[in-house]
Amino acid sequence: MNNLLRRLALIFAVAGSAVALLTGAMTVVSVAGRAALGEPIQGDVELTQFGIALAISLGLPWCQLRGANIIVDFFTQNVAARTQRLLDGIGAVLLGLMCLVLAWRTGVGAQSVKEAGEQSMILSLPMWWAYASLAPGLALAGVIAFWQAFHHFTGRSLDALAGAQSAEGAAS
């Protein structure tokens, strides 16, 4: 399970990075076109909004997997390891719930927007595409958070899940 979640998170992160890179390149071309020729890429703002939202969503699972989110441990830095694991597990469960609810509601929202036939203003792109594209990243981040909670509650290390190697494993 660790390998599957890590591979999926990596695939999502690489895809999200590619989307962010393409969005950035499109923005540069649009700004240069506006400055040099007076002609930006039509719908560049819409495409940027869609692209960056997708990139962020696809990056969330990798961020969660690597523990790259903000943790405020001022009040818990001196508690026992067992208490810390319990609190981290509860936090992971809450985050998992939030991500899965957001994925579900984003999917429901996409269906509603699709049924309403909403389109973007300039390019007339179906708005449901933007909503629907957010759900997979949110769902995977939620699944990873629940798997991390399981690790916290059972006293297992998160190193294997995150892909870290122990000092002995790295030497061999």
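For segment 95-138, give me each residue that is of a type outside the set (V, I, T), more than 23 Å from L8 (Cβ to Cβ) and part of a helix (DSSP H, G or I).
Within segment 95-138, G109, Q111, S112, K114, E115, A116, M127, W128 qualify.
Please specify each residue of segment 39-91 satisfying the condition of being assigned to a helix (DSSP H, G or I) and more than 30 Å from M127 (Cα to Cα).
Listed by number, the residues that qualify are A81, R82, T83, Q84, R85, L86, L87, D88, G89, I90, G91.
Please go through segment 105-122 and give me each residue that is in contact (Cβ under 8 Å) with a residue 24 or more places away in the chain and surrounded by 14 or more Cβ atoms within 10 Å (Cβ to Cβ), ordered by number.
T106, G107, A110, S120
For the condition in contact with a helix residue (DSSP H, G or I) (Cβ under 6 Å, 6 or more places away or on another chain) and at pLDDT 95 or above, what is the one hit in A25, A15, A32?
A15
Let me spell it out: the conditions are (1) surrounded by fewer than 17 Cβ atoms within 10 Å (Cβ to Cβ); (2) under 30 Å from H152 (Cβ atoms), and I52 meets all of them except one. Which number is the exception?
(2) is the only condition that I52 fails.
Which numbered condition trips up D88, out of (1) out of contact with any His (no Cβ under 6 Å at 6 or more places or on another chain); (2) buried (at least 18 other Cβ atoms within 10 Å of the Cβ); (3) farther than 24 Å from Y131 by Cβ?
If we test D88 against (1) out of contact with any His (no Cβ under 6 Å at 6 or more places or on another chain); (2) buried (at least 18 other Cβ atoms within 10 Å of the Cβ); (3) farther than 24 Å from Y131 by Cβ, just (1) comes out false.
Here is a list: G33, G43. Which entry is more than 16 Å from G163 (Cα to Cα) and touching a residue at least 60 places away in the same chain (Cβ under 8 Å)?
Selected residue: G43, the only one of G33, G43 that is more than 16 Å from G163 (Cα to Cα) and touching a residue at least 60 places away in the same chain (Cβ under 8 Å).
What pairs come up if the first residue lies in segment 124-142 and is closer than 11 Å to A103 by Cβ and buried (at least 17 other Cβ atoms within 10 Å of the Cβ), the second is at pLDDT below 95 and not basic (K, R), and their beta carbons are under 7 Å apart, counting only those six or more places apart or on different chains?
A141/Q64
Among the residues of segment 42-51, is any closer than 29 Å to N2 by Cα, touching a Ser or Thr at 6+ places or on another chain (Cβ under 6 Å) and at pLDDT 95 or above?
Yes, that holds for at least one residue.
Which numbered condition in (1) aliphatic (A, V, I, L, M); (2) at pLDDT 95 or above; (3) within 26 Å of A13 (Cβ to Cβ) is the only one that L158 fails?
The number of the failed condition is (2).
Here are the criteria: (1) modelled with pLDDT under 95; (2) crowded, with 17+ Cβ neighbours inside 10 Å; (3) over 30 Å from D44 (Cβ atoms). Tell me which single one G96 does not satisfy.
(1)
For segment 128-158, enumerate the residues that are under 20 Å from the mean Cα position of the chain (by Cα) and more than 17 Å from L95 (Cα to Cα).
W128, W129, A130, Y131, A132, S133
The values are calculated or read from the model by the stated rules, or taken from the named source; none is laboratory data. Keep in mind the model is a prediction, meaning the values are calculated, not measured. Reconstructed Cβ throughout: ideal geometry from the backbone, glycine too, with neighbour counts over all protein chains shown.
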